[in-house]
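Student: Right, I'll just put the structure down here and ask away after.
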Amino acid sequence: MRGRNAACYTWGLMTFGFLNLLMLGGLVGVALPVVVHLISRRKYDVVSWGAMQFLEVGRRTRRRIRLEELLLLLLRIGLICLLALALARPWAKGGWFSKLSRSTPRDVSVVIDGSYSMGWEGDAVTPHAAAIQRTFELLEELAGGDTVTLLDARDKVRPLIERPTTDFRLVREQLDALPSPSGTSSVVSALTKAAQLLTTGEHLDHDIILMTDAQRLSWSPEDERSWRRFDETISQSSIPPHVWVVDVGMQQTDTPTNFSVDRLRLSRDLTVPGFPLRIEAKVRQWGGKSTTCEVHFAINGQRRSDKSIALSLPPNGEANVVFEHRFETVGSYVVSVSLDADDLPGDNQSDAAIDVAEGIPVLLVDGNLHRDRTQSETFFLHAALTPSGSDAPWVVASVIDAAQLTEAALEQQRVVFLANVSQLTETQIDLLERFVSHGGGLVIAAGDHVDIESYNDRFFAGGKGLLPARFDIVRNERDFDLGDVNVETSSLEASWLTRFRRENGVDFTEARFAHWWKLIPATTDDSTEESDTDPGPPSIVARFDTGDPFLVTHAFGEGTVVQLAAPLDSDWSTLPAKNDFVPFLHEIVFHLASRTSGRNVEPGIPLMLGNMNGTAHAETVEFTTPDGRKVPAEEFGIGPQARLGLRETSLPGVYRAQPNDPGMGNAEYFVVHSDRHESDLTPLSPPERQRLSENHHIQFVSSLEGIVQGMAEEEAPSELWRLLLLGVLLLLVAEVLMTRRLVQGGHEAIEEPTTQM
C-alpha cells in the first residue's frame with residue numbers, strides 16, 4: 001500500500017511539473033508586444049507640401065514619444081510574463097518575502113515552565129515573568145489565522161488551553177492568571193503532551209515553543225524511556241512539529257548559591273491534644289561557603305520565636321533540624337519550617353498538615369478473654385492505651401471476645417488489635433478485609449494460641465491476604481548464643497519508630513524476648529493470582545538482633561496491617577514492663593490511624609474531607625487553592641458514604657477547605673507536596689544541549705527573533721500566484737493608462753525627411 005501511494009505521489013509530481021512547464025511555455029507570448037510594436041513602426045512614403053513645416057514635431061517631443069512607446073512595450077511584456085508565472089503557481093519559502101506571501105496558517109503550542117526554579121529573583125526579572133512577556137510578544141508575531149494551545153509545566157502538566165484557538169485574547173487572559181512558580185516540572189512530559197495536542201490542529205505548520213530556564217533537573221537527559229516516548233509521539237504525527245526552546249533563565253554558567261528546606265518528615269499527621277508530635281526537616285545549601293542560617297518553626301503561618309534554630313551549613317552541605325510540639329486543642333493545623341529569604345523563595349519553606357482529633361477509637365479483640373482480667377491477652381494492652389482517671393484519653397479502647405467481632409462492632413473504629421486470637425470465621429475475615437481496605441488499621445500480635453494453618457491459609461493467602469508475612473516456627477532465645485534477644489536499634493528507621501532507638505536514652509531495645517514467631521514476608525513470587533485488593537510490598541520496620549523480623553507492615557487497599565512476631569503480653573517478653581511500652585503502642589495506633597487522614601498528598605491525589613453522612617453538599621464547602629482561587633467542593637459517592645473533596649490538585653502548596661456555614665465547623669487544611677530536588681539549579685551543559693538537538697530535533701534559541709526567523713525558514717512553502725495576479729492587475733491598469741495617453745496625444749512617430757542634394 002505504501003509503495004502504491006509513493007508511486008501515485010511520484011506520478012502526481014511529474015504531472016504537476018509537466019503542467020507547470022506548459023504554463024511557463026506561455027512566456028513565449030512576450031514576443032507578441034514586440035511584433036506589434038515593430039509593425040506599428042512600418043515606414044510609409046512621405047509627401048511634402050507647403051504647410052507641412054507647421055505640423056512637424058520637434059526633436060524633444062519625438063524623443064518623448066519614442067520613450068513612451070518603449071515603456072508601453074515593456075508594460076505589455078511584463079503583463080504577459082506575470083500572467084504566465086501566476087498560472088504556473090510558483091512558491092517561496094523563508095526570508096522577508098514569506099511574511100507577505102505566507103498563506104498557510106500554523107498551529108503553535110506554547111509550554112511555560114512553572115517549576116519554582118523559574119522564580120529566581122537574582123535578576124531584574126524572574127525567568128517566569130520573562131517567559132510570560134516573551135509569550136505576549138510571540139502572539140504579536142503570529143498571524144490572524146494561526147492557532148495556539150497553552151500548557152503550564154509543573155509536577156503535573158496543566159493544559160490551560162487544550163483545543164487550538166485563534167482567540168489570542170483568551171490566551172492573554174490565561175497568561176495573566178498563571179500562578180507563581182511552584183513544584184517541579186518534567187520537560188519531556190510537557191513536550192509530549194504538547195505534541196499530542198497539536199495532532200488536533202488542521203494546519204500544515206506545527207510548532208512547539210518551550211519557555212524555560214534550561215535547568216538540567218527538569219530536562220532529565222538521562223531518562224531515555226521518556227525521551228523515546230516523545231520521539232514516538234513525534235514520528236506518529238502526520239505533521240511532525242518543530243520544537244523551539246527559549247532559555248529565559250540566568251545568563252551564567254556557575255550554579256548560584258541557594259538554601260532550601262526539604263519535605264517535612266512527621267512522626268504522624270494525626271494526633272490528639274497533649275501528645276508529642278515530632279517534625280524533622282533537612283536544610284541544604286547549594287554552592288556557597290560555610291555559613292550560619294536561621295531556621296524557623298511556624299503554626300498556621302505564625303512563627304514560634306522560642307523554636308528558632310541557628311544552623312551551621314558547609315558548602316554544598318546539609319543538616320537536620322528537629323522540632324517537637326504538643327497541640328492543646330482539637331482542629332486542623334499547618335506546621336511550617338522556613339528560612340530567611342534568598343533569591344529563590346520557592347524552596348525556603350516546607351509545610352505539612354496536621355489533624356488533631358479527639359481520642360482515637362480502638363477495638364481490642366481478646367483471644368483469651370478471662371474473668372480475671374489480669375489473665376486476659378489484652379490486659380496490658382488495654383491498660384497502656386486507656387489509663388484510668390484520664391478525662392481526655394488519647395485512645396479510647398474497648399475490649400471484646402473474638403466471637404463478638406461483628407460488623408456492628410467495627411463501626412466507628414479506626415484500629416483493630418487481634419491479641420493472640422486463635423482463628424476467625426470466614427465471615428469475620430471478610431469483615432476485616434473490608435475494614436482495612438476502606439482505610440482501617442489492623443494489628444496482629446500472635447502468641448501460643450494462634451492456629452498457624454488457619455492464619456497462613458486464609459489470612460496470608462499466598463501473599464494476597466491481610467498478613468504481610470507467613471508464620472513459620474516458634475524461635476527460642478536458647479537457640480542462639482547471643483544471651484538476651486532484643487530489638488536491634490539500627491533497624492528502627494521508620495519515622496514513627498526512630499524515637500525508640502537506643503541513642504535516645506529509652507529502654508525499648510532493652511526488652512528481652514524469650515520466644516517469637518519466625519516471620520517470612522511475602523514476595524512477588526508467592527502468588528500470580530489477581531485480587532480485588534492489591535497488597536503493597538511488605539516492609540520489615542523492626543528486627544531482632546538475631547536478624548529475624550519483629551515487626552512487618554504492608555498496605556492493604558487504603559489501610560495498613562502491622563504484624564508482630566510476639567504477643568503484647570508478658571508471656572513471651574518483658575516488653576510490657578518497659579517504660580516505652582505505652583508510647584510504642586500509641587505510635588502504632590497513630591501510625592495506622594494517620595493512614596486515613598489524607599492531609600498530606602502527592603500532586604494529582606484528590607483531597608477528601610471526612611464522612612458527611614449525606615448531610616453536606618458541594619455548595620456548602622469551598623476550597624482555597626495555593627494561588628488564591630476559590631473552588632467549590634466536589635461530591636464523591638452517594639448516600640451515607642458520600643464525601644466532599646477536591647480532585648484538581650496539580651498545584652503544590654497549602655489548600656484550605658472552609659464551610660460556608662460557620663455552624664458546620666472550622667477550616668481544614670491539606671498540603672500537596674512537591675519534589676524538593678528543584679532547588680538544584682545546575683543548567684544543561686553544552687554537550688547535553690547538542691545531544692538533545694541532534695537526537696530529538698530540538699532547536700535552542702536565545703531570543704524571540706530567533707524563533708520568528710526559524711519559523712519562517714521551516715514553514716511550508718507559500719504560493720505566490722495571488723501576489724503575481726495582483727501585479728498583473730496593476731500592470732494592466734498601467735498599460736490602459738499609458739495607451740490612453742498616447743492616443744489622446746494624437747502623435748505618431750514621423751521620420752525626418754531625407755535631405756535632397
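Student: Which strands (runs of 3 or more DSSP E) does segment 394-493 wholly contain that include 1 or more residues that are β-branched (V, I, T), in the same structural domain as A383 (by TED's automatic domain parsing) and buried (at least 21 other Cβ atoms within 10 Å of the Cβ)?
Tutor: 395-401, 415-419, 441-445
Student: Which residue is surrounded by the most Cβ atoms within 10 Å (Cβ to Cβ), if the candidates are limited to segment 164-194 and must be over 24 Å from L684 (Cα atoms) and of a type in the set (A, V, I, L, M, F, W, C)? Spell out how you get there, then give the answer.
Tutor: Step one: list which residues in segment 164-194 are over 24 Å from L684 (Cα atoms), which gives 164-179.
Among the residues that remain, those that are also of a type in the set (A, V, I, L, M, F, W, C) are: 168, 170-171, 175, 177-178.
Numbers: F168: 17, L170: 14, V171: 24, L175: 19, A177: 10, L178: 19.
Among them, the one singled out is V171.
Student: Next up: Looking at S260, S189 in this structure, which one is under 23 Å from the mean Cα position of the chain (by Cα), at pLDDT 90 or above and over 19 Å from E688 (Cβ atoms)? Give the derivation first.
Tutor: Numbers: S189 fails: over 19 Å from E688 (Cβ atoms).
Being under 23 Å from the mean Cα position of the chain (by Cα), at pLDDT 90 or above and over 19 Å from E688 (Cβ atoms) holds for just one of S260, S189, which is S260.
Student: Which condition number in (1) more than 20 Å from Y116 (Cβ to Cβ); (2) surrounded by fewer than 22 Cβ atoms within 10 Å (Cβ to Cβ); (3) in contact with a helix residue (DSSP H, G or I) (Cβ under 8 Å, 6 or more places away or on another chain) is the one that S220 fails?
Tutor: Just one mismatch for S220, condition (1).
Student: On to the next question. For I161, are the conditions met, namely being part of a strand (DSSP E or B), aliphatic (A, V, I, L, M) and surrounded by 22 or more Cβ atoms within 10 Å (Cβ to Cβ)? Write out each step before concluding.
Tutor: Details: part of a strand (DSSP E or B): yes; aliphatic (A, V, I, L, M): yes; surrounded by 22 or more Cβ atoms within 10 Å (Cβ to Cβ): no.
For I161, the condition - part of a strand (DSSP E or B), aliphatic (A, V, I, L, M) and surrounded by 22 or more Cβ atoms within 10 Å (Cβ to Cβ) - is not met.
Student: Can you say whether D342 is assigned by TED's automatic domain parsing to the domain that holds G274, among the acidic types (D, E) and not in a strand (DSSP E or B), as far as the supplied structure shows? Even if it seems obvious, please write down each step before you answer.
Tutor: Working: assigned by TED's automatic domain parsing to the domain that holds G274: yes; among the acidic types (D, E): yes; not in a strand (DSSP E or B): yes.
Answer is yes for this residue.
Student: Over 20 Å from A130 (Cβ atoms) and in the same structural domain as Q699 (by TED's automatic domain parsing): which single residue out of D146, D213, D262, D207 fits that description? Spell out the reasoning first.
Tutor: On the way: D213 fails: over 20 Å from A130 (Cβ atoms); D262 fails: in the same structural domain as Q699 (by TED's automatic domain parsing); D207 fails: over 20 Å from A130 (Cβ atoms).
Exactly one residue qualifies, and that residue is D146.
Student: May I ask you to verify whether T649 is surrounded by 19 or more Cβ atoms within 10 Å (Cβ to Cβ), outside the structural domain of S338 (by TED's automatic domain parsing), among the polar types (S, T, N, Q) and at pLDDT 90 or above? Full working, then the answer.
Tutor: Values: surrounded by 19 or more Cβ atoms within 10 Å (Cβ to Cβ): yes; outside the structural domain of S338 (by TED's automatic domain parsing): yes; among the polar types (S, T, N, Q): yes; at pLDDT 90 or above: yes.
Criteria met by T649.
Student: Scan segment 290-339 for residues that are in a helix (DSSP H, G or I) and exposed (fewer than 13 other Cβ atoms within 10 Å of the Cβ) and report the count.
Tutor: Adding up the residues that qualify gives 2.
Student: Sticking with this one: Tally time: how many residues in segment 657-674 are of a type outside the set (S, T, N, Q) and either without any contact (Cβ under 8 Å) to a residue 40 or more places away in the chain or touching a helix residue (DSSP H, G or I) at 6+ places or on another chain (Cβ under 9 Å) (or both)? Give the steps one after another, and end with the answer.
Tutor: We begin by selecting, within segment 657-674, every residue of a type outside the set (S, T, N, Q); these are 657, 659, 661-665, 667-673.
Now restrict to residues that are either without any contact (Cβ under 8 Å) to a residue 40 or more places away in the chain or touching a helix residue (DSSP H, G or I) at 6+ places or on another chain (Cβ under 9 Å) (or both): 659, 661-665.
Result for segment 657-674: 6.
Student: Which of the residues that make up segment 164-209 are among the acidic types (D, E) and part of a loop (DSSP other than H, G, I, E, B)? Even if it seems obvious, please write down each step before you answer.
Tutor: In the first step, residues of segment 164-209 are kept if they are among the acidic types (D, E); the result is 167, 173, 176, 202, 205, 207.
Passing the criteria: D167, E202.
Student: I've got another one for you. Checking the structure you have, find out if any residue of segment 652-663 is farther than 21 Å from G628 by Cα, assigned by TED's automatic domain parsing to the domain that holds E622 and not charged (D, E, K, R). Let's see the steps before the verdict.
Tutor: Filtering segment 652-663 for residues farther than 21 Å from G628 by Cα gives 663.
Right, trim to assigned by TED's automatic domain parsing to the domain that holds E622 and you get 663.
Filter once more, so that each one left must be not charged (D, E, K, R): 663.
Looking through segment 652-663, at least one residue is farther than 21 Å from G628 by Cα, assigned by TED's automatic domain parsing to the domain that holds E622 and not charged (D, E, K, R).
Student: Find all pairs meeting these conditions: Cβ atoms under 7 angstrom apart; at least six residues apart or on different chains; first residue within segment 190-219 and at positive phi; second residue part of a helix (DSSP H, G or I).
Tutor: As it stands, the answer is none, since no pair meets every condition given.
Student: Look through A357, A341 and report the one residue that is of a type in the set (A, V, I, L, M, F, W, C) and under 24 Å from S679 (Cα atoms). So that I can check it myself, show each step before the final result.
Tutor: On the way: A357 fails: under 24 Å from S679 (Cα atoms).
The match here is A341.
Student: Can you tell me which residue is farthest from the chain's Cα centre (by Cα) among those in segment 613-630 that are surrounded by fewer than 13 Cβ atoms within 10 Å (Cβ to Cβ) and modelled with pLDDT of 85 or more?
Tutor: That would be K630.
The values are calculated or read from the model by the stated rules, or taken from the named source; none is laboratory data. What you are looking at is a predicted structure, and each value in this text was computed from that prediction instead of being measured. So basically every Cβ, Gly included, is an ideal-geometry build from the backbone, and we count neighbours across all protein chains shown.
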